[in-house]
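No lab work stands behind these numbers, since they all come straight from the coordinates. Computed from a predicted structure; not experimentally measured. Cβ coordinates were reconstructed from backbone atoms using ideal geometry, including for glycine residues, and neighbour counts include every protein chain displayed.
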Amino acid sequence: MKEKILNYLQRHFTEPVRDPLWKNIYLSPGLLQLIGSEKFQQLGRIRQLGPAFHIYPGAVHTRLNHSLGVFQTAKKEITSLIILSHESDVNRVGFTLNGIKSFLSAALLHDLGHFPFAHSLKELPLKEHEKLGSEIILSDKTIYTSLQKHVGADPEMTAAIIDTSTPSTDKELLFYRNLLSGTLDPDKLDYLNRDAYFCGVPYGLQDVDFIIDRLRIIQDGALGIQENGIGAIEHLLFSKYLMYRNVYWHRTVRNATAMIKKALILALADGVLTPEKLYGLDDESFNTLCSSSTCKCTSLELIQRVMHRDLMVCVYETPFDPQNILHNKLQDLTARTELEENLTSQINDSFSCGYNPWDLIIDIPENISFEASLPVIGKDGDIKTFSQTDPVFSAPVIRSFTDSLRKIRVFVPAGSHDNSRLKDFIQLILQDKS
């Protein structure tokens, strides 16, 4: 079976697609037909980094670009793993040719359910894009038929690899899930490099081939890295930190994202929009919907302001303090919305600002992980976690990374207040530890 799988991986990908990051990405004829489907082509109309182009004008690459890159990296990973891992480990996973085809299809289609700003709207009562992608695979006749007849994959397995909420005890399927959504997953290896490339910054660049060559299948079918690959993992984790600090969570990006999120929170709460109206949109249809006469809601004007870079200003910023009771409460959307309403009322009374419900936004980034539990294979074969092995990226250091990135910010309209007085007023409330 190993020989049959390698023959497929090394001989059946003959159709080149040119990519600025990875150069030629070779697809099988069936996968080339798959990317021509309407649903996949729609990904070419969704920007990967949303409003980040306001800061980095080159950041207009799309989910389609990224999806091809994830496929390329996934193919490299699975090929290297099968070649370099012990036969017993390969057998333990139970690789099948059908499973390999399904995994590569899942890598290519993993963002199929994406709609604009989906990653920024995780707190809202919306379906996860993985669930939506799985539903599209199973319901779209063109995609289902292409997977089954032209790619030779199992559409059900492809969908289940993407949607981890689908129950499964299949060890091969579970391995693919771990590979597609783990510490060294092809998603991360592509987006860090791709986002850095298009933003024109050096932070996210990785030695992808070096990392992949040191990946191994270990006991219980898990994924580990050889000890001599630790330096590359350090680089990856620090790159992720720098990309969050300088790109993903740049203050202006957080500002624009917070405005879009606030507009949708209010529109959904008022019934002006429903979740179903957001699913399946691209950037253009999203903007059209939110500016249409059928979606009359003053808060949705925030979205048009973002598109024209008419952004709010930050009048207050403080590091997130995990010991602060109020800060912890603000991680809950309901509690945060209540405080926004309270602050707005108090500011209107004290400063005569005349703020609307959408004119004050408290922004707090989610708690992100730096995945320090990756198994490291020592020279003697012993296995430890990365944080136990690495002298630099210890658990406390990794926690400090996360803590330093998270900042609570308050955004308000520009030019309608005395910033210094307003800052002092807000600070009194948000520094309350009771």
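Any of 23/75; 127/277; 240/262; 75/379; 101/149 with alpha carbons more than 18 Å apart? Name them for me. Present the calculation step by step, with values, prior to reporting the outcome.
Numbers: 23/75 15 Å; 127/277 12 Å; 240/262 27 Å; 75/379 27 Å; 101/149 12 Å.
The answer is 240/262; 75/379.
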Whole-percent pair-distance distribution, where bins are 5 Å wide, for the alpha carbons of the range 83-179: 2, 13, 23, 21, 17, 12, 7, 4, 1, 0
Amide H within-cut-off set for residue 223, under 5 Å, with H built and near neighbours excluded: 218
Say the dipole of the chain comes from +1 at the beta carbon of Lys and Arg and -1 at that of Asp and Glu; which of 319, 360, 35 then lies farthest toward its positive end? 35
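Whole-Å semi-axes of the range 251-309's equivalent ellipsoid, largest first, each the root of 5 times a Cα gyration tensor eigenvalue?
Details: eigenvalues 61, 31, 25 Å².
They are 18, 13, 11 Å, listed largest first.
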Quick one: if you take sqrt(5λ) for each eigenvalue of the C-alpha gyration tensor of the chain, what semi-axes come out, biggest first, whole angstrom? 41, 27, 18
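Averaging over every viewing direction, what projected area does the convex hull of the Cα atoms of the range 112-235 cover, in nm²?
Details: hull surface 40.0 nm².
Quarter of the Cα hull surface area: 10.0 nm².
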Starting from the amide H of residue 313, placed 1.01 Å from N in the peptide plane, find each other amide H under 5 Å away whose residue is 5 or more places distant or on another chain. 412, 414
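Cα-based Rg of the range 1-110 per 2.2 N^0.38 Å, rounded to two decimals?
Working: Rg = 16.0 Å, N = 110, 2.2 N^0.38 = 13.1 Å.
Ratio of Cα Rg to 2.2 N^0.38 Å: 1.22.
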Among 160, 267, 258, which one moves the most in a GNM of the chain with springs linking Cα atoms closer than 10 Å? 267
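For a protection proxy built on the mean count of beta-carbon atoms within 10 angstrom, sort 134-141, 46-53, 223-230 highest first, please. Write down the numbers at each step before the final one.
Numbers: 134-141: 17.6, 46-53: 21.1, 223-230: 19.1.
The densest-packed peptide leads the list: 46-53, 223-230, 134-141.
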